1. Mind checking which pairs have a first residue in segment 106-131 that is more than 30 Å from Arg231 (Cβ to Cβ) and touching a residue at least 12 places away in the same chain (Cβ under 8 Å) and a second that is more than 11 Å from the ligand (Cβ to nearest atom) and assigned to a helix (DSSP H, G or I), Cβ under 8 Å, 6 or more apart or different chains?
2. Taking segment 332-360, which residues are open to solvent by 20 Å² or more (accessible area, probe 1.4 Å) and either modelled with pLDDT of 95 or more or within 27 Å of the chain's Cα centre (by Cα) (or both)?
3. Condition first: touching a Leu at 6+ places or on another chain (Cβ under 9 Å), hydrophobic (A, V, I, L, M, F, W, C) and away from the ligand (no atom under 12 Å from the Cβ). Now tell me which residues in segment 86-139 satisfy that.
4. Regarding segment 293-302, can at least one residue be identified that is in contact with a strand residue (DSSP E or B) (Cβ under 9 Å, 6 or more places away or on another chain) and within 11 Å of the ligand (Cβ to nearest atom)?
5. Any idea which of Lys89, Lys110 is assigned to a helix (DSSP H, G or I) and among the charged types (D, E, K, R)?
6. Restricting to segment 393-436, name every residue that is in contact with a Ser or Thr (Cβ under 7 Å, 6 or more places away or on another chain) and within 10 Å of the ligand (Cβ to nearest atom).
7. Looking at Asp264, is it more than 15 Å from the ligand (Cβ to nearest atom) and either open to solvent by 30 Å² or more (accessible area, probe 1.4 Å) or among the hydrophobic types (A, V, I, L, M, F, W, C) (or both)?
8. What is the residue count in segment 447-458 for residues that are open to solvent by 10 Å² or more (accessible area, probe 1.4 Å) and within 7 Å of the ligand (Cβ to nearest atom)?
Amino acid sequence: SGFPSQLRNGLSKLGVPSEVLEILFKWIDVEDYPKIPEAKGAIKAIRSEAFFIPLYELYLTYGGIFRLIFGPKSFLIVSDPSIAKHILKDNSKSYSKGILAEILDFVMGKGLIPADGEIWRVRRRAIVPALHQKYVAAMISLFGLATDRLCQKLDVAATDGEDVEMESLFSRLTLDIIGKAVFNYDFDSLTNDTGIVEAVYTVLREAEDRSVSPIPTWEIPIWKDISPRQRKVTEALKLINGVLDDLVATCKRMVDEEELQFYDEYMNEQDPSILHFLLASGDDVSSKQLRDDLMTLLIAGHETTAAVLTWTFYLLSKEPSVVAKLQDEVDSVLGDRFPTIDDMKKLKYTTRVINESLRLYPQPPVLIRRSLEKDVLGEYPIQRGEDIFISVWNLHRSPSLWQDAEKFNPERWPLDGPNPNETNQNFCYLPFGGGPRKCVGDMFASFEAVVAVAMLVRRFNFQMALGAPPVEMTTGATIHTTQGLQMTVTRRIKPPIIPEINMPGLKMEASARNSEAETQ
Ligand code: HEM
């Protein structure tokens, strides 16, 4: 019974319109089609913990595609690389962002992440050119300066012997970076914690809560006005929109005063931001749409990279041998310089560490779609209007796709091999998605993470703090820790090279000297 659907799939790939296929295949009894396995009674587990964990267990039982039923609603969970490729790339035009667009509407409107159809096409075409090579190269200096600010903060903690909560520091680092990069605004959130910074966090928390909340209370008209929390969200959005409007106005004045000649790879040295590029390019767009796009870029570029850094440092804390190799590379490539674009090619092992961290902790852990028409997934026909979760978490940790899937092993990616991506890994690895909706900030984000990791491990050693709470996962849009990533930082002094002496009695003295050097 798999044959008709394979045939249909094949014809669809050859470009036979779905209306024609409909008629051709009408004679085939629907009962002939295999039915998607259904996971029932698994709903309780979903509520209690990060929801992608039980989905992994169900994947091991039910396979690469199964249906999860919640009362009247159901979701298709996809963990199969070829089905993921079909949805994201080969037949992407038959899918929209579905629930995601509904959840994010209050903050992103018709911004690039939730937008579909013509609006998406037009905005994607306007925004992608802004992230050109020269822009990304200029951003490397910004990453360096921002990370240096974090280093100064950690320096104080190292001197005072105080533990630091790295997850919130990474969130602030990446907020500072994305604010400058997108609309030339310095949140300075590492020192400043009120007003606009608080407003950004209020909105982010709300977006995350909505994405895991089963009942959309925020849609109840009166609730919006009387719930203190919803009022706070409304206030925060007003504040942010005001700031954005001011930034747009300031930038418009700058562009007007500029002797402007727009060309490919255009960049204003005073203000290299994406906003400046868009205005200079004559991007003809409503102010609401522009604000939606700026908010989308802010949120997309902020929490994701922060989460990548958090989980990278968590993984590193458990693998001292990886840290040693990393520090070797950083010492020899950078010495005490700030990183430049040329260093990005040379920091190969650092890049592999990020690649591997993105495999184990993909951000976001699932991609959301809705079918706009009938389709066939693998051997299964599906209807229009199906809500689909592509579990990148399952793909990246599948025991049938990876050797020692659970192990943090940057060595699995050869240093002289290509940079792993969805194409060269056949959709078994898709840290930035794939197809037309692939992340527009993949280069930006990879370099940002490489610069931050390189500069931090060069200056400091990081360890889990004594008595730190266990590091457990929870989800919003990205994977967070439940109680933060509490670490101890010590300034790094290269340990003296200890000669190999085969006398066990001396070993302790050597290691004592070593740890003394480290804590100086
Ligand atoms: C889309 C991951 C950083 C802007 C995506 C998607 C993924 C992703 C998986 C695809 C979503 C889907 O198909 O549903 C990441 C990760 C990042 C990161 C892991 C950090 C390590 C950034 C940055 C920016 C950005 C820094 C902006 C400068 C976007 C935008 C989209 C997107 C605008 C939507 C593209 C579209 O729908 O056409 N990202 N991203 N991302 N990302 Fe990123």
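The values are calculated or read from the model by the stated rules, or taken from the named source; none is laboratory data. In this text the structure is predicted, and so the values were computed from the model without any measurement. Cβ placement follows ideal geometry from the backbone for every residue including glycine, while neighbour counts extend to all protein chains displayed. In case anyone asks, the SASA skips ligands and DNA or RNA and just uses the protein heavy atoms, side chains included. Shrake-Rupley method; radii C 1.70, N 1.55, O 1.52, S 1.80 Å.
1. As it stands, the answer is Arg123/Gln289; Ala126/Leu278; Ile127/Leu278; Pro129/Phe277; Ala130/Phe277; Ala130/Leu278, since those pairs meet every condition given.
2. Let us first name the residues in segment 332-360 that are open to solvent by 20 Å² or more (accessible area, probe 1.4 Å), namely 332-333, 335-338, 340-342, 345-346, 348, 351.
Across segment 332-360, the qualifying residues are Ser332, Val333, Phe338, Thr340, Ile341, Asp342, Lys345, Lys346, Lys348, Thr351.
3. Those that are touching a Leu at 6+ places or on another chain (Cβ under 9 Å), hydrophobic (A, V, I, L, M, F, W, C) and away from the ligand (no atom under 12 Å from the Cβ): Phe106, Val107.
4. Filtering segment 293-302 down to residues in contact with a strand residue (DSSP E or B) (Cβ under 9 Å, 6 or more places away or on another chain) leaves none.
Checked against the condition, which is being in contact with a strand residue (DSSP E or B) (Cβ under 9 Å, 6 or more places away or on another chain) and within 11 Å of the ligand (Cβ to nearest atom), segment 293-302 yields no hits at all.
5. Values: Lys110 fails: assigned to a helix (DSSP H, G or I).
Result of the check over Lys89, Lys110: Lys89.
6. Listed by number, the residues that qualify are Gly435, Pro436.
7. Values: more than 15 Å from the ligand (Cβ to nearest atom): yes; either open to solvent by 30 Å² or more (accessible area, probe 1.4 Å) or among the hydrophobic types (A, V, I, L, M, F, W, C) (or both): yes.
Answer is yes for this residue.
8. The first filter runs over segment 447-458 and keeps only residues open to solvent by 10 Å² or more (accessible area, probe 1.4 Å), leaving 447, 458.
Now drop any that are not within 7 Å of the ligand (Cβ to nearest atom), which leaves none.
Matching residues across segment 447-458 total 0.
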